[in-house]
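Everything below concerns the one structure shown next.
FYI, it's all coordinate maths here, none of it is from the lab. Please read these numbers as outputs of a predicted model, since none were measured by experiment. Note that we place each Cβ from the backbone using ideal geometry, even for glycine, and neighbour counts take in every protein chain shown.
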Amino acid sequence: MHRWKEGLIASAVIAVCLYGVVAQFSPEGQPIGRLGDIPAIAMGAVLDDDISLRDIETPPKPRSLPGSFGRKATVLYTWSVACPCILDLEVRLRKLHARYGQAQGVAWIALAGEPGEELEALRAKHAKLAAFYPVLRDPEQVACRRIGLRHAGQVAVLDADGRLVYRGAIDDHWETGKAEFLEAALRAVVGGNKPAVGQQERRYGCEFELPASCRADDSAAAGDS
């Protein structure tokens, strides 16, 4: 009986530890990652963390995230092989990049935050899209969660000082995209102004580790159009 009790206690301790590492949740009931709670910076705060991620080059190289920021602005774009919205958004992003690219002092960086995606799959998707942006691997979501992005297809805009000035969706619908949230933010920041809208809660990409959640807000978006 004594050994049985010891075994039961040990099992309970292990279960609690695993829950704390693997299945932590925010007060809203959302998973906060396998590494524990990585607090997101607030709107208007500076992202000055010394975050280093590996790219998808051959061989992969470590790249400092702050060291990759643009002269006037930086777009951080959450990316995934599996999420179909990435393909839908590519054309719109290309048009924006043509107007707000390196010549305008804007850097574009994709963060691959889906834990299970392999390096070769990331390379193949990047090549298939002929994507203009570099992809940095963030399978443990260190950067994504610090910036406050939990879904593929979301963006954050940082100004010249690395200050978070926009966070959320690229536009108002994954397919039609009438309200250009990202474009408005870039126009303001490149012009030396503060974006009129700092955050949009709407999202339509897959939540990392929950791919079935893709386009979950379609009905709400359609109702607002």
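Key figures
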read-out	value
For Arg71, Arg137, order by how many other beta-carbon atoms lie within 10 Å, fewest first	Arg71, Arg137
Calculated from backbone phi, Karplus (6.51, -1.76, 1.60) coupling profile of the stretch 154-164 in Hz, x at Gly/Pro	8, 9, 10, 10, 10, 8, 4, 9, x, 7, 6
Ranked packing of 40-52, 109-121, most packed first, by mean Cβ within 10 Å	109-121, 40-52
Greater than 20 Å apart at Cα, pairs in Lys72/Lys125; Lys72/Lys178; Lys72/Lys194	Lys72/Lys125; Lys72/Lys178
Rotationally averaged projected area of the stretch 38-215 (alpha carbon convex hull; nm²)	9.1 nm²
Straight-distance crosslink candidates among lysines, where the alpha carbon sits under 23 Å from Lys128 and sequence neighbours closer than 8 are dropped	Lys61, Lys95
Per-pair calculated FRET efficiency, R0 = 30 Å: Phe132 and Met43 via Cβ, rounded to 0.05	0.65
Fewest-first sequence of Thr58, Thr78 by Cβ atoms within 10 Å of each Cβ	Thr58, Thr78
Cα→Cβ-extended label distance, 7 Å offset, between Ala121 and Lys61, nm	2.7 nm
Diffusion constant of the stretch 31-96 at 37 °C, which comes from Stokes-Einstein with the Kirkwood Cα-pair radius and 0.692 mPa s, µm²/s	219 µm²/s
Share, in percent, of DSSP beta bridges within the stretch 38-215 that are antiparallel, nearest 5	60 percent
